[in-house]
Amino acid sequence: MTENRSGHGGGCLCGAVRYEIHGAMRGVINCHCDMCRRLHGAFGAYTKVENADLSVVEESGLAWYDSSPNARRGFCRRCGSSLFWQPAGMRTTSIAAGTLDQPCGLATIGHIFTAEKGDFYDIADGLEKFAGSAEGALDGA
Ligand SMILES: [Zn+2]
């Protein structure tokens, strides 16, 4: 496994996917959509980076699932960790915040797709909530 301490690192449970970030990370947004709920078993907590700032340094386990015509999701074929959400035709990748090495220094900034959230939990942290997409309202945070 490559260990490069010049950027912020992260990776899957087993180490067959490792990445480095060499740029700004957005605050964490919790996505409560139906697809994230099924994939993560609850909501998906994601930061976001420019693709140019993301280097996958170990990709032996990396596989992609086209979860919709508009986006694909990167996961580890060995341990099952979910790592990336990548929208088609855009220059950014959302990264599952739990895969970041700790401490990651980020804070949660809001909730999206709350209309599709599971009924087994409440959102009670007082952060901004959007029934669907935030349409960029939380970017830059
Ligand atoms: Zn793995």
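The values are calculated or read from the model by the stated rules, or taken from the named source; none is laboratory data. Predicted model, so just to flag it, every value in this text is computed and none were measured. Using ideal geometry, Cβ is built from the backbone for each residue, glycine included, and neighbour counts are taken over all protein chains shown. Keep in mind that these areas ignore ligands, DNA and RNA; they rest on the heavy atoms of the full protein, side chains included. Shrake-Rupley method; radii C 1.70, N 1.55, O 1.52, S 1.80 Å.
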Do we have Phe84 as within 16 Å of the ligand (Cβ to nearest atom) and either modelled with pLDDT under 95 or closer than 20 Å to Asp139 by Cα (or both) here?
yes
Taking the stretch 48-83 and the residues there that are in a strand (DSSP E or B) and acidic (Asp, Glu), the one that is surrounded by the most Cβ atoms within 10 Å (Cβ to Cβ) would be Glu58
Evaluate the stretch 28-49: report whether one residue or more is touching a Lys or Arg at 6+ places or on another chain (Cβ under 8 Å) and within 16 Å of the ligand (Cβ to nearest atom). yes
- Message: Based on this model, can you work out whether Cys14 counts as surrounded by fewer than 15 Cβ atoms within 10 Å (Cβ to Cβ) and modelled with pLDDT of 95 or more?
- Response: yes
When every residue in the stretch 84-112 that is open to solvent by 60 Å² or more (accessible area, probe 1.4 Å) and in a loop (DSSP other than H, G, I, E, B) is compared, the one nearest to Gly15 (Cα to Cα) is Gln102
